[in-house]
């Protein structure tokens, strides 16, 4: 499990707004990103790229303050030593070899020659590109390019990492490896912000998310906690049992249950309730009553996909 | 009343064979081409020479019938030396020649206009498909690469056909109408076929060339520049080389004239000098004519015009239309001493036409080669 | 039978893309999986007749793909992976042109183009130039142009690449509808395994040009009879201890437990322990290997 969100914040936004002419990118955003892995989500045009650019000091906020590790990022070259960015765009010097690229990035980050060599070798090993480091980037597959981009972001051992769609185009093997690396970084105490459209990947990485929509903050924190706060949609819990109709009858006696739907194909019920806590706590006793053995219980509703859908698709 | 399914519907209908595919591509390309405003204007402008040609042919028809409408016009034309005196008396004799020369003039203007039309619509034909990566969409459909190329060539053929061949046919018809004499058909039908053939030569050679250029780059601008280079720069280069040659020849002549001038005897009477000056002048005049003759002779083996792309096309055109023969006949109307000068003034370079034909066939072959190579390497479904 | 390959080999220079591959696929929705360089793209290209194979034979929808390429392409629709467009036209013209290129008459193509654009959900946007479309709209446009001639087989190559969650869901919904309800066979090639799972019922896994595994997804994801996936409200040591005391083996994974109960007992055992320790069981499901596990295992065995 990753860190809880009450550790000291590493990236802070205070009332930040950014507009481009008339078009607003970010609208009065206040949030804190703690250590560990955090997912950055939102539909297209939500302001995720603007957020990343503001946090890495590439853009100047029209309003408000952006601080990373306690310092302002704008025009601050020393803080760049602590920040690593793996951008979405696929832009390499195609003639360079993988080794050249990572080594040069290390040197550009301020490491001297021996330290850079060491760091480059270590990072390339970590992302699994040692076998291909001598080849020009031109000949790399998409997965290899993503690994090299990640290596370039890690090589100077930054405390804060921003990864923009790090897993696009990678095959399941590379995806698995890269996700392991990201989780390890999170557990080492670094702050990793992963922006992605692929919700199930973010779900496997971390339960802590930041959800943006139309340039504003919609939700921040643990997915389950956020789900509990969404009043408009009652929780939908599925129960599978042999005597599902009898079970339904018993459940309908409870006050906090708002509806029960029969799923005859799965031999079960879909229960709607606004007080999941109370409901779950009564289940063990219910199951042990005669003949009402509950074979399965689950809630699809609790996932990141459902939360995203409820909050974004109005 | 049942409720109809709003979802996906199946479709069963006839599908034409792949041989018709080029037509869809041509129609698509023509529609896109017509979207450009500049192009539409240039297309309109390129119809103007046809109007002028039609006017000329109609006037000639009236002259032939010796109608009163143009009675006043003929003396003016004769006095301007557009037509020799013989023409006014018996126009029908010179009918073929006049028609030939009118068509020749029409084509020389149309050649320039078609180069401009090609520059406006040609470069984007394949290069835009390259830039927006339309090839996976084309190649995954039931058609061959040759259908694709045929369709694209069809776009050029459609536009140039509209600018050259269609006006040609229409004005020929108009000219026929205004002559009211069916024997003209027998005299000039060869001209009709020749003009259509010339139009087709322009279309296919230029069309293949611009397609080949278009398939080499993603940027239509570079292709357009390249085309302008081939057209204008080759023309300038050829003209410059020829000018150099003429200048050389002129210098040789004037050197000799200067020699004669300096060879003045120390003391001569006025009579002697007068005779000498007269002899010199006559000498000079004959020298100018000799120079022109030399020029004519030299142009029979002169390779310099072959460099210019449009010059090659117009040489083939002159051959097809029979322009040189027409000028020869007209020159017979001139008094003998003037004949040579007349010919030298109006006849084009006299090198054999099959040299130009060779150059054009070579260009066609190179274009075809480039196209087959680049289209083969284009289906890169990564 | 959707398509069938028999001992197909294709090499590009020194690289072997397909290595004596023999596979046959039934009609329905089939997922095509494999790491990069496994020959998926080459397989698709051979199906469409765009690549000539060195050895071997095969059929698509009963037609030999070495000889009847044009006929095959009439019955197959292809949604390519990379960005591709016919430039300078509006949406309706794009799809109508795509139809004309298959051989439809102009009128048929225009009528069908509107029908298909309704289906994929491009409303007023169809009258705008295609260069102005967003990524999601371009994908839907590509899908529309692939189904305009009502193909029997629809090949989709990484269709959800780069799309935001809403767009992804819409596209997968369309794919599912076509495959399940409208009787169109689907060949879905993707790296995103959950997408494949939500649309397809069969998979073919390739690796280094060879067939690694194939079959029905539900059958490949074996059901473990005695293993259950258990998620509690809060971590509870006493719960796990009590389970071990009763002879169960439990293992922590990510944010849930995998519990193996001894023979002769049922899930009721877990409810009993939960009641005793006063913990909330939030999820209780028989453990199934995920598609990712199936895939990685197939790769390892190669």
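The values are calculated or read from the model by the stated rules, or taken from the named source; none is laboratory data. Given the structure is predicted, the values throughout are model-derived calculations rather than measurements. Reconstructed Cβ throughout: ideal geometry from the backbone, glycine too, with neighbour counts over all protein chains shown.
Tallying residues that are away from chain A (no Cβ under 14 Å) and within 16 Å of residue C:7 (Cα to Cα) within segment C:21-43 yields 7. Residue C:2 falls short on exactly one of the conditions (1) touching a strand residue (DSSP E or B) at 6+ places or on another chain (Cβ under 7 Å); (2) closer than 29 Å to residue B:22 by Cβ, and that condition is (2). On the stretch given as segment A:280-296, residues that are in contact (Cβ under 8 Å) with a residue 12 or more places away in the chain and more than 9 Å from every other protein chain (Cβ to nearest Cβ) total 4. Against the list (1) crowded, with 18+ Cβ neighbours inside 10 Å; (2) farther than 17 Å from residue A:236 by Cα, the condition residue A:285 fails is (1). When you scan segment B:195-217, do you find a residue that is loosely packed, with under 13 Cβ neighbours inside 10 Å and at pLDDT 90 or above, even just one? No, segment B:195-217 contains no residue that is loosely packed, with under 13 Cβ neighbours inside 10 Å and at pLDDT 90 or above. Taken together, the residues in segment A:187-212 that are within 14 Å of another protein chain (Cβ to nearest Cβ) and either under 11 Å from the mean Cα position of the chain (by Cα) or surrounded by fewer than 19 Cβ atoms within 10 Å (Cβ to Cβ) (or both) amount to 17. Apart from one condition, residue C:41 fits all of (1) more than 20 Å from the chain's Cα centre (by Cα); (2) closer than 19 Å to residue C:208 by Cα; the exception is (1).
Per-residue answers, yes or no, for (1) without any contact (Cβ under 8 Å) to a residue 24 or more places away in the chain; (2) within 30 Å of residue B:228 (Cα to Cα); (3) surrounded by 15 or more Cβ atoms within 10 Å (Cβ to Cβ):
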{"site": "B:309", "(1), (2), (3)": "no, yes, yes"}
{"site": "B:316", "(1), (2), (3)": "no, yes, yes"}
{"site": "B:336", "(1), (2), (3)": "yes, no, no"}
{"site": "B:344", "(1), (2), (3)": "no, no, yes"}
{"site": "B:375", "(1), (2), (3)": "no, yes, yes"}
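Applying the selection to segment A:246-283, what residues are in contact with a strand residue (DSSP E or B) (Cβ under 7 Å, 6 or more places away or on another chain), in a helix (DSSP H, G or I) and closer than 26 Å to residue C:265 by Cα? First the steps, then the outcome.
Our first condition is that a residue be in contact with a strand residue (DSSP E or B) (Cβ under 7 Å, 6 or more places away or on another chain); within segment A:246-283, this holds for A:247-248, A:251-252, A:256-263, A:266-274, A:276, A:279-280, A:283.
Applying the additional criterion that residues be in a helix (DSSP H, G or I) yields A:247-248, A:251-252, A:276, A:279-280, A:283.
Across segment A:246-283, the qualifying residues are A:247, A:248, A:251, A:279, A:280, A:283.
Criterion applied to A:241, A:299, A:264 was being more than 28 Å from the chain's Cα centre (by Cα) and within 11 Å of chain C (Cβ to nearest Cβ), and the one residue passing it is A:241.
Can you name the residue in segment B:33-50 that is touching a residue at least 12 places away in the same chain (Cβ under 8 Å) and within 11 Å of chain C (Cβ to nearest Cβ) and, of all such residues, is farthest from residue C:86 (Cα to Cα)?
Going through segment B:33-50, the residues touching a residue at least 12 places away in the same chain (Cβ under 8 Å) turn out to be B:33, B:36, B:38-39, B:42-43, B:45-47, B:49-50.
So of that shortlist, the ones also within 11 Å of chain C (Cβ to nearest Cβ) come out as B:33, B:36.
Details: B:33: 14, B:36: 17 Å.
Checked segment B:33-50; the qualifying residue farthest from residue C:86 (Cα to Cα) is B:36.
Test residue A:53 against the criterion of being assigned by TED's automatic domain parsing to the domain that holds residue A:170 and outside any helix (DSSP H, G or I), and give yes or no. Answer is no for this residue. Whether a residue is away from every other protein chain (no Cβ under 14 Å), in contact (Cβ under 8 Å) with a residue 60 or more places away in the chain and farther than 19 Å from residue A:88 by Cα was assessed, and residue A:226 passes this test. Residues that are at the interface with chain B (Cβ under 9 Å from one of its Cβ atoms), more than 24 Å from the chain's Cα centre (by Cα), on the phi < 0 side of the Ramachandran plot and not in a helix (DSSP H, G or I) within segment C:47-92 comprise C:86, C:87, C:89, listed in sequence order. With respect to being closer than 25 Å to residue C:276 by Cα, free of Cβ contacts under 8 Å to residues at least 12 places away in the same chain and surrounded by 17 or more Cβ atoms within 10 Å (Cβ to Cβ), residue A:276 falls outside the description. Residues in segment B:122-132 that are surrounded by 24 or more Cβ atoms within 10 Å (Cβ to Cβ) and assigned to a helix (DSSP H, G or I): B:125, B:126. Within segment C:120-134, can one find any residue that is in contact with a helix residue (DSSP H, G or I) (Cβ under 8 Å, 6 or more places away or on another chain), more than 21 Å from residue B:13 (Cβ to Cβ), crowded, with 20+ Cβ neighbours inside 10 Å and within 8 Å of another protein chain (Cβ to nearest Cβ)? No: segment C:120-134 contains no residue that is in contact with a helix residue (DSSP H, G or I) (Cβ under 8 Å, 6 or more places away or on another chain), more than 21 Å from residue B:13 (Cβ to Cβ), crowded, with 20+ Cβ neighbours inside 10 Å and within 8 Å of another protein chain (Cβ to nearest Cβ). Within the set C:295, C:228, the sole residue that is farther than 28 Å from residue A:228 by Cα and either in the same structural domain as residue C:198 (by TED's automatic domain parsing) or crowded, with 20+ Cβ neighbours inside 10 Å (or both) turns out to be C:295.
Out of C:270, C:257, report the one residue that is buried (at least 16 other Cβ atoms within 10 Å of the Cβ) and within 11 Å of another protein chain (Cβ to nearest Cβ).
Numbers: C:257 fails: within 11 Å of another protein chain (Cβ to nearest Cβ).
Only one candidate passes the filter, namely C:270.
Going by the conditions given, is residue C:283 surrounded by fewer than 16 Cβ atoms within 10 Å (Cβ to Cβ) and either within 11 Å of another protein chain (Cβ to nearest Cβ) or more than 34 Å from the chain's Cα centre (by Cα) (or both)? It would help to see each step written out before you state the result.
On the way: surrounded by fewer than 16 Cβ atoms within 10 Å (Cβ to Cβ): no; either within 11 Å of another protein chain (Cβ to nearest Cβ) or more than 34 Å from the chain's Cα centre (by Cα) (or both): yes.
When the stated conditions are applied, residue C:283 does not pass them.
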